[in-house]
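These notes are about the structure you will find just below.
The values are calculated or read from the model by the stated rules, or taken from the named source; none is laboratory data. None of the values given here were measured: they were computed from a predicted structure. No Cβ is skipped: glycine too gets one built from the backbone with ideal geometry, and neighbour counts run over all protein chains shown. The protein model used for the area step is the full one, side chains on, heavy atoms only, and it has no ligands, DNA or RNA in it. Shrake-Rupley method; radii C 1.70, N 1.55, O 1.52, S 1.80 Å.
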Amino acid sequence: MDVPSEYRATKPSQKRRPKGNKGGQPAPQMAPPQQAYYNDFNMQNQQQQNYMQNFGQPDMFFSGYNTGGPGAPGPEQQFAQQYLNNPMASMAMQYGSSLAGQGKDIVDKNIEKVMSSSKVKYYFAVDTAYVGKKLGLLFFPFTHSDWSIRYNQDEPIAPRYEINAPDLYIPSMAFVTYLLVAGMVLGTQDRFTPEQLGTQASSALVWLIMEMLAFSLSLYVMNLKSGIKYLDIIAYCGYKFVGMTVSLLAGVMSSSTVYYFVLLWFCLALVFFLMRTLRVQIVPQSEVEDGHTRGTKRSLYFILSVSLVQPLLMWWLSSSIMIYKRL
């Protein structure tokens, strides 16, 4: 059978072409799904960058409510301007700032009176020559003759220029050395623990603070006019750690008999040192009426109490460490 000439067989490998639009234009090409996802992601990233660039601007959240035009201030700016233009608000701000300044000045003055950095620095203004002379004076005070302190109470000089002036360098260093030696002695007795060393440090500090409070209160109750300050009392009471340290060293290197002998020597030396030093500073301050001094007995009682309490504390704080070795 003959096939018409218009008919042509199509090959299996050929693809059918898409039909064009009625207008003769080709059909629009659709983007692949993966490309459309990337386009959406880039658009979201661009929106996020624009948001971060506008973050913190005044019209970020209130741009839709600003009806005064592009240059008009927002609600927050209008409120701030009204608050600053109010004379009562300005007066309140000035009054509050002045009160804050006055309160700061009062607090600074009170802190300066109680604990001044310049006063504390004065007690640590020492040198090697002063430390050597002062330690010699604490070891052998019986040979010293001049106990007067030659400086003005209003403008005191540094202790390195006056050997009779109290300092806090030697008491603080002696306290630290006492703790180290106490730890060594406890170690030789096989009973060293951090808790035991902490107990020795806390007990010594508590006794020192109690001494300062008791003697300061005694000066006030006895109505004794003296130039001694609470830092002076801490310095005088802290000199006992020198004798305690040397006594413990002598005892651990030899025997308890040597410990008691050295402790007794330093107790006598400290009592003599405090009596001569405090007598110069307290007794001349007593009032004189009709040729008779007032408060002399009270001054002597105070000096004796301060001087005699030191040997008791030296024995109490050091014997608890040393005597256990011989039990």
Study note, to complete from the structure: residue 120: passes all of (1) open to solvent by less than 60 Å² (accessible area, probe 1.4 Å); (2) at pLDDT 90 or above; (3) under 31 Å from the mean Cα position of the chain (by Cα) but (2)
Study note, to complete from the structure: Here the residues within the range 163-181 that are surrounded by fewer than 18 Cβ atoms within 10 Å (Cβ to Cβ) and farther than 15 Å from residue 199 by Cβ are 163, 172, 173, 176, 177, 180
Check your understanding: Which of the residues belonging to the range 222-239 are among the hydroxyl-bearing types (Ser, Thr, Tyr) and assigned to a helix (DSSP H, G or I)?
Key -> 230, 236
Review point. Residue check: is residue 236 open to solvent by less than 70 Å² (accessible area, probe 1.4 Å), at pLDDT 90 or above and either over 30 Å from residue 122 (Cβ atoms) or over 38 Å from the mean Cα position of the chain (by Cα) (or both)?
Key: no
Review point. Do you know which residues across the range 298-315 are among the hydrophobic types (A, V, I, L, M, F, W, C) and in contact (Cβ under 8 Å) with a residue 12 or more places away in the chain?
Key: 300, 302, 303, 304, 306, 308, 309, 313, 314, 315
Check your understanding: Given the residues 205, 274, which is the only one that is open to solvent by 10 Å² or more (accessible area, probe 1.4 Å) and part of a helix (DSSP H, G or I)?
Key -> 205
Review point. Looking at the range 165-179, is at least one residue touching a Lys or Arg at 6+ places or on another chain (Cβ under 8 Å) and either farther than 16 Å from residue 247 by Cα or outside any loop (DSSP other than H, G, I, E, B) (or both)?
Key: yes
